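Asker: I have a structure I would like to understand better, so I am pasting it below and will then ask my questions one at a time.
Bear in mind these aren't lab numbers, they're just calculated from the coordinates by the rules spelled out. Since the structure is predicted, the reported quantities are computational estimates derived from the model, not experimental observations. Using ideal geometry, Cβ is built from the backbone for each residue, glycine included, and neighbour counts are taken over all protein chains shown.
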Amino acid sequence: MFTGGFSTLHFKEPEMNNPAEQLIAANKANLEALEGAAKKAYTGVEKLVDLNMAASKAALGESFSYAHAVMAVKTPQEFMTLQTSFFQPLAEKSVAYFQHVQSIATEGSADFTKQVEAKMAEAQKAFGASVDQLVKSAPAGSETAVAAFQSALSNGQKAVEQTQAAIKKATTAAQANFTAASKQATDLAKKASKV
């Protein structure tokens, strides 16, 4: 007859040695990182909306001021002087606006990239630990299969790293192109205002 109870048995909680628990923890961390990135992206959008609202309000006020000034012009020379005085600051404001937009975009992109890279490194580390645990507990005679799996995993990680490097390079090139385009546009606006 069984007289012992289960109260004498002690079950120990696993200390994240279970690969499934490690993957769940990594996925949870990735979800939290995605949430943080989404909040940062939203903050960037808010900054752009604020900038556009301020720029629109200023442009509206300046347009009415210009219209009133045009109504007060009495000679063609006054009109040309007025037009030049209107377009010169417009070119400078355009430069400042594009620089501000680029600053917001660059700031958000840099934060997002840094956060994603950190989380990817953590996820790869957790996944690597899971694989190591699986390898240690693999049955005898499965060394060839384990080696093939580890090789495939290593190749996959290298592909991810190469993709990340390509994305960084493309982002840098896009930012350089944006800077060059905004400079070219403002230079043209300045030239047009001098004519």
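Asker: How high is the relative contact order of the stretch 35-194, in percent, with contacts defined as C-alpha pairs under 8 Å that are six or more residues apart?
Answerer: That works out to 45 percent.
Asker: Residues of the stretch 123-142 with amide nitrogen under 13 Å from the 7 Å Cα-to-Cβ point of Ala148?
Answerer: From the stretch 123-142, the list is 142.
Asker: Please compute the length gained on full extension between Lys191 and Ala29, using 0.36 nm multiplied by the number of residues separating them and subtracting their Cα-Cα distance. Intermediate values should be presented prior to the final figure.
Answerer: Details: separation 162, 0.36 × 162 = 58.32 nm, distance 5.25 nm.
Extra length available between Lys191 and Ala29 comes to 53.1 nm.
Asker: Let me ask something else. Under 17 Å between alpha carbons, and skipping anything fewer than 8 positions from Lys136 in its own chain: which aspartates and glutamates qualify?
Answerer: Within the straight-line cut-off, Lys136 pairs with Glu15, Glu21.
Asker: Here's something else I'd like to know. Which residue, chosen from Ala180, Phe86, Leu153, occupies the Cα position most advanced towards the positive end of the dipole of the stretch 35-194, where the dipole is computed from +1 (Lys, Arg) and -1 (Asp, Glu) charges on Cβ about the Cα centre?
Answerer: Projecting each Cα onto the dipole axis, the largest value belongs to Phe86.
Asker: Looking at the square roots a ≥ b ≥ c of the eigenvalues of the Cα gyration tensor of the stretch 35-194, which shape do they give, rounded for a/c under 1.5, prolate if a/b is larger than b/c, or oblate? Numbers along the way, then the final one.
Answerer: Values: a/c = 8.69, a/b = 3.56, b/c = 2.44.
In terms of gyration-tensor shape, prolate.
Asker: Okay, moving on. Which of Met71, Met120, Met80 comes first, and how do the rest follow, when ranked by fewest Cβ neighbours within 10 Å? Each step should come with its number before you reach the end.
Answerer: Values: Met71 7, Met120 16, Met80 11.
By the 10 Å Cβ count, ascending, the order reads Met71, Met80, Met120.
Asker: Also, quick follow-up: Using a Förster distance of 22 angstrom, determine the FRET efficiency expected from the C-beta separation of Gln115 and Ala181, and round it to 0.05. Display every interim value, and only then the final one.
Answerer: Details: r = 28 Å, r/R0 = 1.26.
Plugging the Cβ-Cβ distance into 1/(1 + (r/R0)^6) gives 0.20.
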